[in-house]
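K.L.:
Handing you this structure, nothing more for now.
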Amino acid sequence: MRYLYLIVVFLFVSCKNDVENLSYLSPYTIEDVEMPDGLTAEVGALDFMPDGKLVASFMRGEIMIYNPESKEWKLFARGLHEPLGILVEDSTSVLVMQLPELTRVKDTDGDGTADYFETVYDGYGLTGNYHEFTYGPVRDSKGNLYIALNASSSGGGISKIVRGKLNMDGKSKRGGMFSVVPYRGWVIQLTKQGQVIPYASGFRSPNGLLIDSKDRLYVTDNQGDWVASSPLYYVEKGGFYGQPASLIWTEGWNQGNPFELSVDVLDSLRKKPMIIFPHNVIANSPTQPVLIKNNDYLKDFEGQFIVGEMNQERLVRVIPEEVNGIIQGAVTPFIDGEGLRKGNNRLAFGPDGSLWVGQSDHGWLGDRGIQKISFSKRRMFDVKDVSLLSKGFKLTFTEKIRNVNLDSLVQVKRYRYHYHEKYGSEQIDLHKVKVQDILIKGNEVFLDFESMQKGFVYEIQLDSLFSKNKRDSLHNKIITYTVNELR
Amino acid sequence: MILLDKRPLKIFFQNVLKINEWKVFFLILCACCINTSFLFSQSNENKATIELSVLPGLQFDKVRFHVKPKQKVKISFTNTDDMDHNLLILLPGSRERVVAKANRLGSDGHNKNYNPATEDVLWALPILQGKESKILEFVAPDKEGIYPYVCTVPGHGTIMYGAMYVSNQASMPDITIDGNIPESRRTVEKTATVAHPFSLKPPYYYRTYIEGVSPAAIIMHLPHRLSYCWDASSCKLVLVWEGDFVDNTDIWKGHKDARSKILGNVFYNEKVQVPIEIIGNNVKNKVAFKGYKIVKGGYLELHYTLDDVDIYETIKDVEHGQALLREFRILGLEQNVYFNYTATPKVEYFYKGKKLVGNKIEMKAEDAQSFSVLLKLEK
C-alpha cells in the first residue's frame, strides 16, 4: 500500500513536469536537408533564386541548386576554387566569390547549367597560402559590391610564384597573420561604375559581411592575434580595424613594417568592435550575419541580425543600438542546441521566412550539411530589445513578465580585453556589477547600477524569468552588451 | 588447383621464362603442395575472401586485413577509380624497394604492368582500368609476417598500399599506430568514397593551387589522358602532362598548405612571358584574365586581353592523345604578332602542317585572327 502511494506521487510529479514541458514547446523546428550522394557537403555559401530555389556552393568547387518542393538537387557549376560567397543576380546568373576572383557564373543557353564564367574582379594578391579565403559579395542599394579578403596564415607559407606585388613588410617577425600581397586583410568596394576602392583594413579572418537597410556595412572577424575575442565591426570607409598586417597597403603608407609600431599607436589608429562576442560565453568563431527584415515570424526582432557560430551548436542574435551616433549593442544566443549542428558557416532566409543554415568544417571544428529552421507563429519568450541607460539597462521582453521580484535572479558583471599581438585575450578588469534596483513594468525590466563605464562588456545573466501568460521560462538567459559610448 | 587467375598466371610464366624466377616458382609450388596436404587434413578451414576497391586520393578502401598462414585467400579487386591501378603482394619489408624498381621500368613500365622482375613480388594483378574487376587467388605464406600490398603505377606506390597480416592470432595492432599502413589512414574515421556528386568524365577541370604555377591555376583533364594547366594570372598555358590527372586529397582537407598533386608525366613547361606577343612600338603586352566559356565537347574557351585586344584560346587533345591542339581567336587585331613557345626535347610544334623550328613564329595580323598550333609529343 505504501508503494502504491509512492507510485501515485511519482505519477503526479511526472504529469506536472509534462504540463510544464508542453507549455515549453519550441517555437521552431530544425530539419536536416537531404544532400546528394557523393557530395562532401562543406557549405561555402547559400542564397535563394527568384523562383525560391536554394543555390549552395561547396568547398570542392560545386554549385548546386535545390528545389525545396521536389527536394531535388541539380548541379549548376563545378571546378571552382573554394567558393565562399554567392549573390544571386537573376534566374540564370550568380556572382561567386571564389579564392582567386569574383566571378559571374551564368547559364547562357538555358539548359540549367552554367557555361559562362566571367571574371568580375581579380585585382588582389594571392600567395598560395591555405588561409587566403575570400568573402562576400554583399550589395548596397546603390549597386556597389563589397568583398573581404582573409589575411594569410603563419600556419602556412607562400609560394615561389605569387599574384600581385610582394611586400614582406606586411609580416611580423614574431609570427601571426600576414599581408604580403595587396589587400589581404581588407574590405574592397567595387562600385557600380566599375571602380575598385580599397575600403577598410585591419581584418584577420572576416568570414561574414552584411549590408543593413540603411546601407551600413557590418563584418565579423575571428579571435586570434590582435583580435581579443571575436568581434562584429560596423565598417566605415577608411577605417582600420586592428590587425596591423594590412596597413602596408594603405595609400601613401610610409611607416614600413606596421608590426614595428607600438601597441599604443596601433590602438589609436584602430576602430573598435561595435560588438564583441565574448569567447566561451557567446561565440568563438562567428560567421555570416543575416538581417531580420519583413519576416512574419520574427517581427519582434525586426532590424536585428542573426549570426552563425562555427564552434558550437548555436546561432546568436545581435541587437544593434545607436547611442549618440555610435552604433553598438547587445548579443544573445538565438538557437542553442535543439538539433542544430556545429559549423554554422552560412545563413540565408528562404522566401517563406525559414532560415537555412549551411555547415562546414574544412579541417576545423564543425559539421557538414544544410539544416532548415522553420518558425511558427508561436512567440519565443526572449529578450526583444536592450537599451543602454545612463546607469544601467532597459531590457524589453517579447511577453509580459510574471515575476514580481528579480533581485536574486539577475547577475551582472563587466570586463574588457587586451589589444595585443598574442592570440586572443582573457577577460581583464573583471568586476561583479551591483544591481541597485530592478523595476519590472509589464514586459520591461529596468536595471539600475551605481555607475556605468565605457570600454567594457556587460554580461547580464538571467534566471527563472517567467512570462505572464504562458508561464514558460526565458528562452535564452545570457545577454552581453559592448559599451563603447555612454548615454 | 588454381593459384592465380588466368592473366597473372600467364604473366607469371612469361616472367619465369624471361627472368629466371625459379625461386618464386618453387616457393609457390611448395605452398601449393603444403596447402594440398593442409586441405586434406583440415578441409573445413575457411577461404578468406577480401573485397578490395579504390577510394579517391590514391588509396585502397581496405588498408589492412588478416589471414592465417597457409589459408586460401581470394582477393576480388575492383578498380572503382578513374585512374589505372595494379595490385602486387610482396615479401615483408620490400615495398619501397619494389616501388623504386617499378618506377625505373620507365617507358617500358606500362607494358610490364609496372611489375618489376624481382623475387620480392609474390603475386600480382596487372593494370586494371576504371570499372575493371579481377580476382587473385593464392595460398597465404606459411611464414607469419606483415606482407605489403601496393599499386606500383608511378606516383601511386608511396601512398597507395596496405598490409596483409599473416598470423595464427587474429590480432592486428591499434590502427592509429600501425606503421604498415599509410599515415592518412591511421584513423578510425570513415573516408568519403567518392569525390563529387557526379561522375568525372573528361574533359573536366578545377581551379586550384598547383606546384610551379601561380595560385590562380586552372587545370583540365582531357579525354585521352592528357592534362594541362593554364595560369589565369599570366594568361597562358604553362604545363602539359600525360597520364593520370591530379590527386586533390591534401588540398581538400583544408587547414594547411597543400597543392593539387600532378599524377602524370609533365612534358611541356612554358617559359615564355607571353605566348602571343603584339609586335610594335608602344606595345606593353599586358595581360588581363576575363574568364572562360564551356564550349562544345566540354572544353574551355579561355579569354584574356593583351593590351586591349581580346584573345580566346581553346585547348583540346587530338590524335588519340598524342597531340594538343591550341586554337586561337584574336579580335580586332591590327598588328602582326609573334607566337612564342618553349623549345622542348621530344615536343614538336606544328603550324599549318609544318614543323616549327626555334622558339617563335611571326604571323601577319590577318592570319593571326584565327589560327591553331599543334603541340605533339614525340614517341
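K.L.:
Using the Cβ atoms and a cut-off under 11 Å, what net charge is assigned to the surroundings of B:THR314, where Lys and Arg are +1 and Asp and Glu are -1?
P.N.:
My count for the surroundings of B:THR314 gives +2.
K.L.:
Please give every one of the lysines within straight-line cross-link reach of A:LYS237, meaning a C-alpha to C-alpha distance under 19 Å, and leave out same-chain neighbours fewer than 8 residues apart.
P.N.:
Cα-Cα hits under 19 Å: A:LYS142, A:LYS192, A:LYS214, A:LYS271, A:LYS272.
K.L.:
Between the range A:263-316 and the range B:315-347, what is the separation of their alpha carbon centroids in Å?
P.N.:
Computed from Cα coordinates, the inter-centre distance equals 52 Å.
K.L.:
Counting other C-beta atoms within 10 Å, which of B:LEU128, A:LEU315, A:LEU166 has the fewest, and how do the rest follow?
P.N.:
A:LEU166, B:LEU128, A:LEU315
K.L.:
Then there is this: If you count, for every residue in B:201-214, the Cβ atoms of partner chains within 10 Å of its Cβ, what is the mean?
P.N.:
Mean shielding by partner chains, rounded to a whole number: 5.
K.L.:
Residue by residue through the range A:423-433, what is 3J(HN,Hα) from phi via Karplus (6.51 cos²θ - 1.76 cosθ + 1.60, θ = phi - 60°)? Round to whole Hz and write x for glycine and proline.
P.N.:
Each residue's phi maps through the Karplus curve to give 6, x, 8, 6, 6, 10, 6, 6, 9, 6, 9 Hz.
K.L.:
What is the average number of partner chain Cβ atoms found within 10 Å of a Cβ in A:160-171?
P.N.:
2
K.L.:
If amide H atoms are built 1.01 Å from N in the plane of the peptide, which residues on other chains or at least 5 residues away come under 5 Å of the amide H of A:PHE466?
P.N.:
A:ARG402, A:ASN403
K.L.:
Remind me, relative contact order of the range B:300-374 in percent, using alpha carbon pairs under 8 angstrom and six or more residues apart?
P.N.:
It rounds to 31 percent for the range B:300-374.
K.L.:
Below 8 Å, C-alpha to C-alpha, sequence gap of six or more: please give me the relative contact order for chain B in percent.
P.N.:
Result for chain B is 11 percent.
K.L.:
Could you work out the relative contact order of the range A:103-199? I mean the mean sequence separation of Cα pairs under 8 Å and 6+ apart, divided by the number of residues, in percent.
P.N.:
24 percent
K.L.:
I would also like to ask the following. Among rounded, prolate and oblate, which fits chain A when a ≥ b ≥ c are the square roots of the eigenvalues of its C-alpha gyration tensor, a/c under 1.5 means rounded, and a/b larger than b/c means prolate?
P.N.:
Taking the square roots of the gyration eigenvalues as a ≥ b ≥ c, chain A is oblate.
K.L.:
I would also like to ask the following. Could you go through the range A:273-281 in sequence order and give the Karplus-derived ³J(HN,Hα) for each residue, using 6.51 cos²θ - 1.76 cosθ + 1.60 with θ = phi - 60°, rounded to whole Hz, and x for Gly and Pro?
P.N.:
x, 5, 9, 9, 9, x, 4, 6, 10
K.L.:
Would you please give the residues with an amide H less than 5 Å from that of B:LYS290, counting only those at least 5 places away or on a separate chain, with H modeled from the backbone geometry?
P.N.:
Placed amide hydrogens put B:HIS303, B:TYR304, B:THR305 under 5 Å from B:LYS290.
K.L.:
Neighbouring Cβ atoms within 10 Å as the yardstick, rank A:VAL435, A:VAL331 fewest first.
P.N.:
Going from least to most buried by this count: A:VAL435, A:VAL331.
K.L.:
Restricting to the protein assembly as shown, what percent of DSSP beta bridges are antiparallel, rounded to 5?
P.N.:
Taking every DSSP beta bridge within the protein assembly as shown, about 95 percent pair in antiparallel fashion.
K.L.:
Please list 3J(HN,Hα) in residue order for the range B:115-124, calculated via the Karplus relation 6.51 cos²θ - 1.76 cosθ + 1.60 where θ = phi - 60°; whole Hz, with x for glycine and proline.
P.N.:
Once rounded to whole Hz, the list reads 10, x, 6, 7, 6, 5, 7, 8, 9, 8.
K.L.:
Based on alpha-carbon centroids, what's the gap between the range A:110-159 and the range A:222-248 in Å, whole number please?
P.N.:
19 Å
K.L.:
From the helices alone, meaning DSSP H stretches of at least four residues, give me the mean residue ellipticity at 222 nm for the protein assembly as shown, per-run term -39500 (n - 2.57), in deg cm²/dmol to the nearest 500.
P.N.:
Computed mean residue ellipticity for the protein assembly as shown: -3000 deg cm²/dmol.
K.L.:
What's the angle, to the nearest 10 degrees (0 to 90), between helix A:2-22's Cα axis and the longest principal axis of chain A?
P.N.:
Tilt relative to chain A: about 50 degrees.
K.L.:
Looking at the range A:194-254, which trypsin sites (Lys or Arg not before Pro) are DSSP coil and have at most 10 other C-beta atoms within 10 Å of their C-beta?
P.N.:
A:LYS214
K.L.:
Please report, for the Cα atoms of the protein assembly as shown, the Rg to one decimal and the Dmax as a whole number; what are they, in angstrom?
P.N.:
Final numbers for Rg and Dmax: 32.3, 110 Å.
K.L.:
Just to confirm a number: summing +1 for Lys and Arg and -1 for Asp and Glu over residues other than B:VAL99 whose beta-carbon lies under 15 angstrom from that of B:VAL99, what do you get?
P.N.:
+3
K.L.:
Right, here's the next one. Provide the percentage of antiparallel DSSP beta bridges, counting only those with both residues in chain B; round to the nearest 5.
P.N.:
Percentage antiparallel, nearest 5: 90.
K.L.:
Given R₀ = 25 Å, FRET efficiency for A:ASN280-A:SER26 by Cβ-Cβ distance, to 0.05?
P.N.:
Using R0 = 25 Å, I get an efficiency of 0.50.
K.L.:
Suppose each label sits 7 Å from its Cα in the direction of the beta carbon; what would the B:SER76-B:LYS131 distance come out to in nanometres?
P.N.:
Placing both labels 7 Å along Cα→Cβ, they lie 1.9 nm apart.
K.L.:
Just to be sure I follow the rule: in the range B:223-298, considering lysines 8 or more places apart or on different chains, how many pairs have Cα atoms under 14 Å apart?
P.N.:
4
K.L.:
Which whole-angstrom value gives the distance between the alpha carbon centres of the range A:56-84 and the range A:357-416?
P.N.:
32 Å
Every read-out reported here was derived from the displayed coordinates using simple, explicitly stated rules and does not represent laboratory data. Quantities reported herein were computed from a predicted structural model and do not represent experimental measurements. Positions of Cβ are generated from backbone atoms using ideal geometry, with glycine treated the same way; all protein chains shown enter the neighbour counts.
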